[in-house]
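One structure is given below, encoded as structure tokens.
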Amino acid sequence: MEKRTHQESSLYLDTVDRSKLDFDFEKVCSVSLSPTNVYCCLVCGRYFQGRGKSSHAYFHSINDDHHVFLNMETYEVYVLPEGYKEASRDLDDIKSVANPVYEESQINRLDVDKTSYTLTNKVYRPGYIGINNIKHSDYANVVVQLLSHTKPLRNYLLLHPKSESAIVSALSQISRRIWNPRAFKNHVSPHELVNLAEKLSQGKFSANFQADPCQFLVWLLVQTHLGLGGSSKPGSSLIHHIFQGKLNKTTEKLSEREVSGKSVFDVKSSKTTCIPFLLLTLDLPAESVFKDGDNDTTLEHVPLTRLLKKYDGVTCEELAGERNTYQIVSLPKYLILHYKRFSTLPDGTKEYNGTIVNFPLKGLDMAPYTKGLEGKYNLITNITCEGGDKKEKEWSVQMRDGGRKTWVDVRDLVVSDVTELGQDSLYLKEVYIQVWKRVN
């Protein structure tokens with residue numbers, strides 16, 4: 001390998017253009033479309049395969065007079081066509097954007113009130129940045145934000161950038177970029193994760209159409225669980241340790257008989273099954289609208305405690321020929337609640353329920369819905385839906401910023417403090433998914 005003087009090396013480094021670099025896109029050669037042995041040209045930002053004398057990167061260096069390339073596997077810098085490795089520390093900031101690396105000491109400081117600056121000197125808060133909506137990826141964006149703000153999972157993803165599981169690696173990559181204090185821009189793009197999800201889900205999830213965030217969340221949790229070595233055995237992965245709880249489902253088989261002209265149901269048999277869960281689904285009452293004194297229409301407000309009674313072991317779910325009750329017997333460290341707003345009518349059409357749910361921000365007591373357990377929770381993440389009755393829905397997420405002790409609202413690339421939007425922007429939105437952290 002030919003050696004170069006410091007002056008020659010520095011001359012090439014002056015051609016690097018950081019404003020052209022975007023490492024969020026899939027790492028495939030712009031000529032051959034191959035994902036193997038890919039280099040990024042640090043002058044124009046395009047990806048090329050190889051660095052040998054017959055490679056696309058080599059020809060690009062000659063034809064376009066672009067000489068500095070970053071290997072997207074090893075993150076080492078090479079100068080072409082000469083072919084020598086560039087060891088200058090002047091490019092460390094680029095490497096930290098392409099592949100953010102964290103240490104335990106950095107993890108412990110993530111949740112303090114700290115600001116950073118982009119390449120264009122814009123202020124941003126690491127961890128509280130937008131995610132680009134590529135076509136219709138907003139349903140996936142809010143789920144990524146939710147998971148990257150669940151502290152135990154976030155910490156693992158930041159400290160373990162490499163995994164044998166492609167989905168774990170992709171989730172780690174976007175999480176590391178969301179929390180990067182040395183980012184060039186105050187947003188990231190989910191291209192690699194969404195494209196991988198489309199491939200692994202066989203087209204169920206894609207950027208080409210909107211999907212259900214809850215379905216995507218469940219799919220992503222299961223894939224991450226399996227990628228971390230989990231099995232059907234409860235507690236077999238980090239995902240289970242964070243999100244898994246257990247409930248008892250009691251099913252009573254009923255028989256009908258007539259007494260004095262009235263139907264009476266007797267219990268033929270009863271069976272109780274212990275079921276592990278990663279989230280709890282809450283059924284909303286039929287949507288009702290009423291008018292106030294000014295003749296304005298208002299949606300009904302329902303307290304969260306009323307919805308949680310589904311799991312108190314007493315409230316019954318009546319089905320044909322049977323009656324079910326549910327009671328929580330093991331509470332998770334982080335509790336995911338899913339509000340069932342979408343239903344399918346007999347004719348196949350989708351119906352949306354816009355009922356507003358009233359909930360506390362702190363101190364949600366789950367004891368009344370358990371079998372002798374104590375557990376209080378604080379809200380940390382809130383996914384909401386707007387335009388649920390329309391074909392194109394708008395998904396946003398509100399996250400608790402512990403460093404500043406406030407809430408942050410993120411809709412695609414728009415990041416706003418809830419205090420600036422008004423507290424109603426948190427309470428009066430149509431909540432769809434929530435994550436609660438156990439505090440005792």
May I ask you to compute the full-extension gain from Lys204 to Ser269, defined as 0.36 nm times their residue separation minus their alpha-carbon distance, rounded to one decimal in nm? 19.5 nm
Under a Cβ-only charge scheme (Lys and Arg +1, Asp and Glu -1), can you give me the dipole magnitude of region 6-96 about the Cα centre, in debye to the nearest 20? 260 debye
Selected from Gln398, Gln106, Gln223 as most flexible by GNM, with the chain as the system and alpha-carbon contacts under 10 Å: Gln106
Where the Cα atoms of region 100-227 are projected onto their three principal axes, how long is each span, largest first, in whole Å? 39, 29, 21
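Suppose a student asked you for the relative contact order of region 306-394, using Cα pairs under 8 Å spaced at least 6 residues apart; what percent would you report?
Values: 97 pairs, mean separation 20.7, N = 89.
This gives 23 percent for region 306-394.
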Select from Ile178, His160, Gly403 the residue farthest towards the positive end of the dipole of the chain; place +1 on Cβ of Lys and Arg, -1 on Cβ of Asp and Glu, and compute about the Cα centre. His160
Between Lys122, Lys27, Lys249, find the one with the highest GNM mean-square fluctuation for the chain; connect C-alpha pairs within less than 10 Å. Lys122
Point-charge dipole on Cβ atoms (K/R +1, D/E -1) for region 100-227, about Cα centre, debye to 20: 320 debye
When only Cα pairs under 8 Å and 6 or more residues apart are kept, what is the percent relative contact order across the chain? 12 percent
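Contact order normalised by length for region 224-277, with contacts defined as Cα pairs under 8 Å and 6 or more residues apart; what percent is it?
32 percent
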Going through the cross-link list Lys20/Lys405; Lys253/Lys437; Lys249/Lys340, which pairs have a Cα-Cα distance over 31 Å in this structure? Lys20/Lys405; Lys253/Lys437
Put +1 on the Cβ of every Lys and Arg and -1 on every Asp and Glu Cβ in region 245-438; which of Met366, Val431, Val415 then has its Cα farthest towards the positive end of the dipole? Met366
With unit charges on the beta carbon (Lys/Arg positive, Asp/Glu negative), name the residue among Gln106, Ser116, Leu217 whose Cα is farthest towards the positive pole of the charge dipole of region 100-227. Ser116
Across the Cα atoms of the chain, what radius of gyration and what greatest pairwise Cα-Cα distance (Dmax) are found, in Å? 26.1, 104
Taking R0 as 51 Å and r as the Cβ-Cβ distance between Ala87 and Val314, the FRET efficiency 1/(1 + (r/R0)^6), rounded to the nearest 0.05, comes to 0.15
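Compute the convex hull volume of the Cα atoms of region 6-96, divide it by the residue count, and report the result per residue in Å³ as a whole number. Let's see the in-between values first.
Working: hull volume 8.1 nm³, N = 91.
That works out to 89 Å³ per residue.
Got a sec? How would Met399, Met366, Met72 order by Cβ neighbour count within 10 Å, fewest to most?
Working: Met399 23, Met366 20, Met72 17.
Final ranking by Cβ density, sparse to dense: Met72, Met366, Met399.
Subtracting the Cα-Cα distance from 0.36 nm times the residue separation, let me have the gained length for Lys371 to Glu26 in nm, one decimal.
The span from Lys371 to Glu26 would gain 119.4 nm if fully extended.
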222 nm [θ] for the chain, helices only, -39500 (n - 2.57) per DSSP H run of 4+, per residue, to 500? -6500 deg cm²/dmol
Sorted by Cβ density within 10 Å, fewest first, the residues Lys437, Lys371: Lys371, Lys437
Highest GNM mean-square fluctuation among Ser32, Ser260, Ser236, for the chain with Cα springs under 10 Å, belongs to Ser260
Point-charge dipole on Cβ atoms (K/R +1, D/E -1) for the chain, about Cα centre, debye to 20: 1280 debye
Estimated distance in nm for a label pair at Lys405 and Gln106, the labels positioned 7 Å out from Cα along Cα-to-Cβ: 2.9 nm
Cα-based helix-to-principal-axis angle, 138-148 vs the chain, degrees rounded to 10: 90 degrees
Hey, with R₀ at 41 Å, roughly what FRET efficiency would Thr349 and Thr251 work out to, going by the Cβ-Cβ distance, to 0.05? 0.85
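The numbers here are math on the coordinates, done by the rules we state, and not lab data. Just so we're clear, the structure is a prediction, and the values are computed from it rather than from any experiment. No Cβ is skipped: glycine too gets one built from the backbone with ideal geometry, and neighbour counts run over all protein chains shown.
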